[in-house]
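Only one structure is covered here, and it is reproduced in the block below.
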Amino acid sequence: MENKKMKKMVVVYYSWSNGNTKRIAEQLVNETGADVARIETAEPYRGSHEEVVEQGKREVEAGFMPRINPLSVNLADYDVIAIGTPTWWYTMAPAVLTFLTTNDFTGKTVIPFMTNGGWPGHVIKDMKENCKGATFAHEMQIQFDSNGKDHLETSEDVITEWIEQVKVELNK
């Protein structure tokens, strides 16, 4: 019988305010043994929460793509790339758009996941449209408190089931 090697996965995510996307990314990493890389803007967002929210709105509306720092990993080393983003004005955070449009995902399986406060918008659709060459699997929307806090609304059981599906993907 052929001995199949487990696929190698990295979780790449962007998280800004409450760390909700970071929390889900870390849970995925802890359960799967994947590597992890955080997307960081070259120029950090500054100001109050309200000021950054307004800046984010302007950036999303303009299709702005901020410069991002190089990742701590080489995407070529991975078969599966889980990509996480918070929802910013019904789509992905601008830093994630930069990441997606500046990388080639040909031959990779991409697992898009997003966190939101009750308004998921068209994040996953937008992510897929900007992931050149990818095959997609196990997309996930995870809802947190609608007041912008860190209270999880999506059931832990749903997240656990999603992570189990990802594990099956890694062993295909």
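The values are calculated or read from the model by the stated rules, or taken from the named source; none is laboratory data. Being a predicted model, the structure only gives us computed values, none of them experimental. Positions of Cβ are generated from backbone atoms using ideal geometry, with glycine treated the same way; all protein chains shown enter the neighbour counts. Protein only, heavy atoms only, side chains kept; ligands, DNA and RNA dropped before computing areas. Shrake-Rupley method; radii C 1.70, N 1.55, O 1.52, S 1.80 Å.
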- Query: Filtering the range 1-17 down to residues that are of a type outside the set (D, E, K, R) and more than 15 Å from the chain's Cα centre (by Cα), which residue is surrounded by the most Cβ atoms within 10 Å (Cβ to Cβ)?
  - Reply: MET6
- Item | Unmet requirement for ALA25, which otherwise passes all of (1) of a type in the set (Gly, Ala, Ser); (2) open to solvent by less than 80 Å² (accessible area, probe 1.4 Å); (3) outside any helix (DSSP H, G or I) | (3)
- Query: Name the residues in the range 105-126 that are within 16 Å of VAL11 (Cα to Cα), part of a loop (DSSP other than H, G, I, E, B) and open to solvent by 10 Å² or more (accessible area, probe 1.4 Å), would you?
  - Reply: LYS108
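Can you pull out every residue in the range 66-76 that is open to solvent by 90 Å² or more (accessible area, probe 1.4 Å) and not small (Gly, Ala, Ser)? Spell out the reasoning first.
So in the range 66-76, the residues open to solvent by 90 Å² or more (accessible area, probe 1.4 Å) come out as 67, 70, 72.
ARG67, PRO70, listed by residue number.
Out of all the residues in the range 28-54, which are assigned to a helix (DSSP H, G or I), at pLDDT 95 or above, of a type outside the set (Asp, Glu) and surrounded by fewer than 17 Cβ atoms within 10 Å (Cβ to Cβ)?
Taking the range 28-54 and keeping what is assigned to a helix (DSSP H, G or I), we get 28-32, 49-54.
Still in the running and at pLDDT 95 or above: 28-32.
Keeping just the survivors that are of a type outside the set (Asp, Glu) gives 28-30, 32.
ASN30, the sole residue that qualifies.
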- If you scan the range 127-151, which residues turn out to be more than 14 Å from the chain's Cα centre (by Cα), closer than 21 Å to ASN18 by Cβ and surrounded by 16 or more Cβ atoms within 10 Å (Cβ to Cβ)? PHE144
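Looking only at the range 94-104, which residues are open to solvent by less than 30 Å² (accessible area, probe 1.4 Å) and touching a helix residue (DSSP H, G or I) at 6+ places or on another chain (Cβ under 9 Å)? I'd like the intermediate steps shown before the answer.
Applying the first criterion (open to solvent by less than 30 Å² (accessible area, probe 1.4 Å)) to the range 94-104 yields 94-96, 98-100.
Hits for the range 94-104 are PRO94, VAL96, LEU100.
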- Determine, yes or no, whether THR91 is β-branched (Val, Ile, Thr) and either surrounded by fewer than 18 Cβ atoms within 10 Å (Cβ to Cβ) or in contact with a strand residue (DSSP E or B) (Cβ under 6 Å, 6 or more places away or on another chain) (or both). no
